[in-house]
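A.B. asks: I am attaching a structure below and will ask some questions about it afterwards.
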Amino acid sequence: MIKLFKYLKPYQLFIGLALFFLLVELGVELVQPLLMAKIIDEGIMQKDLSVVVFWGSIMMGMALFSFLGGIVNSFAASHVAQSFGYDVRKRLFEKVQAFSFSNLNKFAASSLITRLTNDVTMIQSTVFMGLRIMLRAPQMVIGGVVMALFVHVQLALILVIMIPVLVFFLVWMMKRAMRLFKGVQERLDQVNGVIRENLMGTRVIKVFLRKDHEVKRFAAASDELKEKTTASLRFIETTMPVLMLIMNGGILFIIWLGSEYISTGDIQVGEVVAIVNYAMRITTSLSILSWLMTVVARAKASADRVNDIVDTEIDLLDAKETGHIGGEYEGKIQFDSVSFRYPGSEALVLKNLSFTAEARETVAIMGATGAGKTSLFQLIPRLFDIESGYIYLDDEELTHIPLHTLRKQIGYVPQEAVLFSGSIRDNIAWGKEEASIEEIMLAAKHAQIHETIMQLPKQYETTLGQKGINLSGGQKQRLSIARALVRNPKILLLDDSTSALDLKTEGKLLHALKKGYSCTTLIITQKISTAMEADKILLLDEGELVAIGTYAQLAETNALYQKIIQSQFGKEGLRFEAKS
Amino acid sequence: MRPKAKMKKPENWFPTVKRIWGYLREREKGIVFVLLMVIVSSMLGLLGPYLVGVAIDEYIVTKDESGLLLLLCSLLGVYVFYSLSTWLQNYWMIGIAQHTVYRMRSDLFYQFQLLPISFFDKRKHGELMSRVTNDMENVSSTLNSSVIQIFSSVLTLVGTIGVMLWLSPLLTLLTLTIVPLMFYGMKWITNRTGKLFKEQQSSIGELNGFIEETISGQRIVKTFSQEEKVIGEFLERSERYKRSSFWAQSYSGLIPKLMNLLNNLSFTIIAAIGGYLALKGVVSIGVIVIFTEYSRQFTRPLNELANQFNTLLSAIAGAERVFEVLDEREEAQDEKEASVLRHVTGKVEFEQVSFSYEKEGHNTIKDVSFHANPGETIALVGPTGAGKTTIINLLSRFYEVQNGRIMVDGQDISNVTRASLRSHMGFVLQDSFLFQGTIRENIRFGRLEASDAEVVEAAKLANAHSFIMKLPDQYDTVLQQDDSGISQGQRQLLSIARAILANPTILILDEATSNIDTITEVKIQEALEHLMEGRTSFVIAHRLNTIQQADQILVLEKGRIIEKGSHRELLEVKGFYYELYHSQLKGDKIG
């Protein structure tokens, strides 16, 4: 939590300003009972009107001054809090952008989002409150006691004894309450989990007629939530009554003792009144204090979560030397005895893999799930670092090429099409900033989506995403491909990106790729029909390269491959090939 | 000031309040009790300072000791009962509030089960979740405390003014001079903050939306090396938020300062002018003391009411959104006359069926007619968007046909209950959708009464048994929501096992085999063969193998069936299907 304070440093001036006026406000509040005591003792009791008028005007003036100061305080505090929030958010976001893939794997996306939004907001509003009111409550408590002591020591001692006891009580209550609320959060997560599942699986639930089952499940979770929440809230609610009772008892004691002292002439009426006043203000402050403690506790939790991100070490560093000569790449990829495992995991995902994809070749990569195909792809733009071996782009080691340059050469189309909200044009242009509309349309044509786009009401300006239209799976894939193509990449990586396309469209796409782009294309696919178009096929099994060759070669020699053909085409498929 | 959650204004609050009251009424007696306690505690809250003032006047100034002691004891009694009644009122109210929220939540969830699929397809999950969580939260916290606060604030206010008037009308008048000041001040501030908060909400909505989208697609950002661009866009939105928030917060922060000023002013007025009056013997010192305390007791409820008012509005808006869902038309509302579909052999007929998702515009499917005999496999083939999924949606009555009719075993399915129709169907969808729970529980979802042996049998037929046995906990392995531990292909196998267990007469397979690797696919193909045996199956597939073996192929394009027949028959026609088939085997070159 303290670590984040350094972000407050640039605003020291405003913080000082805000705190100064906070003290002014406090000072005015603390002095008022004193002044009133003066009015009572020196004015009323002595029947001296001028005293009343004099101190009355002073009080009025102070009230106004305090107000003006309060305005300054409000604006200064707001400025500090907002700028602080902005800085922290910026730092966090930049950090996340710098995260490598393995860094990203450590945090769930939803968790990152919550940290960037809710947690930062929580800390920011705590700073805001801190500068405006938070400090007042404890200051009031301390200040009140001090002033009371100043008025009459013995009477004030009652306060001095009671208050630490009360504060201790408050802290104890808060700690227990925190634990209780954690339990409530967990129950709430449970309830939300059931709801989320139900929303996602509506069809399945309806079709399997599981309505009653789900309702029961929900009732159980909801019931637990109710019980826990009720118990926690009831616990918290006891704080105030107990606090009030103790404080009020103290006030009674003060009055009684005060009366004793008055009869001995040790103290005046006005002074007793002043101390009673202070006691009442301290009571209010204590209750505010208890509320503040919850706020601080929550802010601390958020601060921890924010620090988690700031403290993460990035584990993929850019190429240090730029012994790299600029210029055009051809797109030849070579893997030399590459072994790779994901950070933190035991098993090797790729074992001693070696192959070469010549520039402008089309290479199909096939194999069972978990065979290592997507992992292979992720190594090419250096999203992860390998354990042993070398990867070369145009005979240059990947680690020697600056990441930005490397990734600029690559167009990656992942398995799941991820699009952003914005127009279709924006989405495609995402692949290349400053892409002209002609370039965009060309990419769309090659990706076989141009016609579909032209049929939409707003064509390229149609908005996607939250408020826009939803596209079918196949359409999303093609957009995703267009985005990669607009970059004019030297290397195109298609990870099962044609799974939702029908055969005809896929055929046209592959054809367009061959004709329109002089790039090295690596395509992960399950379909034999796609693989047939490739110059060579890589067959992976459990991270190892099992076979490499053309379709014809593999069909003849590799048993596994034959089995695959059979499963997709039946016996006819084999027969067909034998003919050609 | 606590940072405000989304401030929504309700459309018409009265009916909503009535409905909430309807829920609260279930605990009518409790509410009456709470109200009583609020009255008691408010009275006692007023009595305290009053007695303190009396103590000063009657006993301290006059130095009457025994009388003082008596008064202090009664004061103690007042304080004790005050704390007690406060505690009781909250204790009870919390129970009532939580019960009400529990009931509303349950009703909402139950309603989700009854609503048609079209409702869910049209909305984002995040938005619906927000209603069940955020909006309910608002209602919950309001019921918990705000209701009491408002009541007690009003009571305290009325009581305070009452006593003040009784003690000294003059001083009361003086104290009340600050009220118009407060009104104008608040109005001036809230006029500004209203607009500013709206702006703030919209800018943070944008910022958060951007963050959510970017982080979700972070891998793409990295792969395309667009970090700089994304950071730039982020800072733009963050800047906008900072600006709007600065103004909104600064102005709203003035409210407590205003309250402070008014507090101080009234204190001053009472001390000075009250002092003057005391000098003249018009009022006593004790009265001044009481007034100083009461004036604080007076501004606080006013401030509270202002705060609570906003919270209340927000809660009512939230409740409104919840009730909106409760008022939606349920799926089964048209089933009053419906009969139950009993034993089914699996004969399915579509007669001139037309349907469209949009109100106007071209039909998604038009004049679709075909029939399937019991046990046949029908393959649906065609480009994306041709209408294949729509046909499935209509058959399962997730949507209703607009023209024509669908018959199962000769009965129009729009005349039978959906539940009975679906009890004869089984699904293996593209998204296998497994729940958080053990593998065994997930498979058993197909038929809850199935025995463990039957579950294993189904898993074997689905070719899932072997990989399940390889897992550390085997059938007791717990599946998490976001795929972990098992692959996509394995999830499909589990969803096939689930369908096998359900033992349906009609089977629907929606693009189930396209995301799977070839090895697992062989397993799946076998499993599907077991599954489809003897059942009428509708398959949306791309694999030539599946299509070839189907009894009937329906070729769809732009919502119409353009070709119909078996594989051999369609090849002879040399039409669309023939082209499709050959383009797959030989690339573009035909011949």
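The numbers here are math on the coordinates, done by the rules we state, and not lab data. Note that this is a predicted model, so its numbers are computed, not measured. Every residue, glycine as well, gets a Cβ built from its backbone with ideal geometry; the counts of neighbours run over all protein chains shown.
A.B. asks: Within a 10 angstrom radius of each residue's Cβ in A:33-39, how many Cβ atoms of other chains show up on average? Whole number is fine.
C.D. replies: Mean partner shielding for this stretch: 4.
A.B. asks: So if a site counts as exposed when it's one of the trypsin sites (Lys or Arg not before Pro), its DSSP state isn't H, G, I, E or B, and it has at most 10 other Cβ atoms within 10 Å, what's the longest stretch of chain A without one?
C.D. replies: Maximal segment without exposed cleavage sites: A:1-319.
A.B. asks: Sticking with this structure for a sec: Putting +1 on Lys and Arg Cβ atoms and -1 on Asp and Glu Cβ atoms, find which of A:GLY473, A:TRP172, A:GLY27 reaches farthest to the positive end of the dipole of chain A.
C.D. replies: Farthest along the dipole direction, towards plus: A:GLY473.
A.B. asks: For peptide B:422-430, how many partner chain Cβ atoms fall within 10 Å of a residue's Cβ, on average?
C.D. replies: Average neighbour count from other chains, rounded to a whole number: 3.
A.B. asks: Each label point is 7 Å from the Cα along the Cα-to-Cβ direction; what then is the distance between the points at B:GLU572 and B:VAL478, in nm?
C.D. replies: 6.0
A.B. asks: What is the distance, in nm, between label points placed 7 Å from the Cα along the Cα-to-Cβ direction at A:LEU317 and at A:VAL167?
C.D. replies: Calculated label separation equals 4.8 nm.
A.B. asks: Which number comes out as Rg/Rh for the range B:395-475 once both Rg and the Kirkwood Rh are worked out on C-alpha atoms?
C.D. replies: 1.11
A.B. asks: Considering the dipole of chain B built from charges on the beta carbon (Lys and Arg +1, Asp and Glu -1) around the Cα centre, which of B:ASN134, B:LEU305, B:ALA372 is farthest to its positive end?
C.D. replies: After comparing all options, I get B:LEU305.
A.B. asks: Per residue and in Å³, how big is the convex hull formed by the alpha-carbon atoms of chain B?
C.D. replies: Normalising the Cα hull of chain B by residue number yields 236 Å³.
A.B. asks: With +1 on each Lys and Arg Cβ and -1 on each Asp and Glu Cβ, and nothing else charged, work out how big the dipole of the range A:44-160 is about its Cα centre, in Debye to the nearest 20.
C.D. replies: For the range A:44-160, the charge dipole is close to 360 debye.
A.B. asks: Can you figure out the FRET efficiency of A:LEU68 with B:GLU236, using R₀ = 35 Å and their beta-carbon distance, to the nearest 0.05?
C.D. replies: Here the calculated transfer efficiency is 0.50.
A.B. asks: OK, next. Per residue of A:93-105, how many C-beta atoms from partner chains lie within 10 Å of its own C-beta, taken as a mean?
C.D. replies: Mean shielding count: 4.
A.B. asks: Near B:SER140, within a Cβ-to-Cβ distance under 11 Å, what is the net charge of the other residues, with Lys and Arg +1 and Asp and Glu -1?
C.D. replies: Local charge sum for B:SER140: 0.
A.B. asks: Taking the Cβ of each residue in A:SER74, B:SER216, A:SER518, B:SER225 as the centre, tally the other Cβ atoms inside 10 Å and list the residues starting with the fewest.
C.D. replies: A:SER518, B:SER216, B:SER225, A:SER74
A.B. asks: While we're here: Please name whichever of B:THR172, B:VAL230, B:VAL282 sits farthest to the positive end of the charge dipole of the range B:169-282, dipole taken about the Cα centre and charges placed at Cβ: Lys and Arg +1, Asp and Glu -1.
C.D. replies: B:VAL282
A.B. asks: Then there's this: Hey, what's the Kirkwood Rh for chain A if you take every pair of different alpha carbons, in angstrom?
C.D. replies: Answer for chain A: a Kirkwood hydrodynamic radius of 30.7 Å.
A.B. asks: Separate question: Sort A:PHE65, B:PHE309 by Cβ crowding within 10 Å, fewest neighbours at the top.
C.D. replies: B:PHE309, A:PHE65
A.B. asks: Related question: For the range A:202-259, just run the numbers: alpha carbon Rg, then divide by 2.2 N^0.38 Å, N being how many residues it has.
C.D. replies: 2.42
A.B. asks: Same structure again: Which whole number in µm²/s is D for the range A:215-349 by Stokes-Einstein, with the Kirkwood Rh taken over Cα pairs at 37 °C and 0.692 mPa s?
C.D. replies: This corresponds to a translational diffusion coefficient of 139 µm²/s.
A.B. asks: Could you order the peptides B:149-159, B:335-345, B:95-105, A:548-558 from most to least packed, using the average number of other C-beta atoms within 10 Å per residue?
C.D. replies: Most protected by this proxy first, the peptides run B:95-105, B:149-159, A:548-558, B:335-345.
A.B. asks: On to the next question. With a cut-off of 8 Å between alpha carbons and a minimum separation of six or more residues, what is the relative contact order of chain A in percent?
C.D. replies: That works out to 14 percent.
A.B. asks: Lys and Arg at +1, Asp and Glu at -1: add these up for the other residues within a Cβ distance under 11 Å of B:SER537 and post the number.
C.D. replies: Here the count lands on -3.
A.B. asks: Would you work out the charge dipole size for the protein assembly as shown about its Cα centre, treating the Cβ of every Lys and Arg as +1 and the Cβ of every Asp and Glu as -1, and quote it to the nearest 20 debye?
C.D. replies: 1920
A.B. asks: Quick one: if the Förster radius is 51 Å, what FRET efficiency do A:GLN562 and B:ASN503 give, using the C-beta to C-beta distance and rounding to 0.05?
C.D. replies: Plugging the Cβ-Cβ distance into 1/(1 + (r/R0)^6) gives 0.90.
A.B. asks: What are the semi-axes of the equivalent ellipsoid for the protein assembly as shown, taken as the square roots of 5 times the Cα gyration tensor eigenvalues, largest first, in whole Å?
C.D. replies: Taking √(5λ) for each Cα gyration eigenvalue gives 72, 35, 25 Å.
A.B. asks: A further question on this structure: With the contact rule set at Cα under 8 Å and sequence spacing of 6 or more, what percent relative contact order holds for the range B:169-282?
C.D. replies: 48
A.B. asks: Another question, if that's okay. Based solely on its DSSP helices, what 222 nm [θ] is calculated for chain A when runs of n ≥ 4 H residues each add -39,500 (n - 2.57) and the sum is averaged over all residues, nearest 500 deg cm²/dmol?
C.D. replies: Computed ellipticity for chain A at 222 nm equals -20500 deg cm²/dmol.
A.B. asks: Let me ask another. Rounded to the nearest 0.05, what FRET efficiency is calculated for B:VAL179 and B:PHE14 with R0 set to 30 Å and r the Cβ-Cβ distance?
C.D. replies: In this case the efficiency is close to 0.60.
A.B. asks: Taking only the C-alpha atoms, wrap a convex hull around the range B:169-282 and report its volume per residue in Å³ as a whole number.
C.D. replies: Enclosed volume per residue, from the Cα hull, is 98 Å³.
A.B. asks: Moving on. Just grab the label-to-label distance for A:LYS9 and A:MET454, each label 7 Å out from Cα along the Cβ direction, in nm (one decimal).
C.D. replies: Going from the A:LYS9 label point to the A:MET454 one covers 6.0 nm.
A.B. asks: List the relative contact order of chain B as a percent without decimals, with contacts defined as Cα pairs under 8 Å and 6+ residues apart.
C.D. replies: Relative contact order of chain B: 15 percent.
A.B. asks: Oh, and also: Fewest Cβ neighbours within 10 Å first, please rank B:TRP166, B:TRP87, A:TRP256 accordingly.
C.D. replies: The fewest-first ordering by Cβ neighbours comes to B:TRP166, A:TRP256, B:TRP87.
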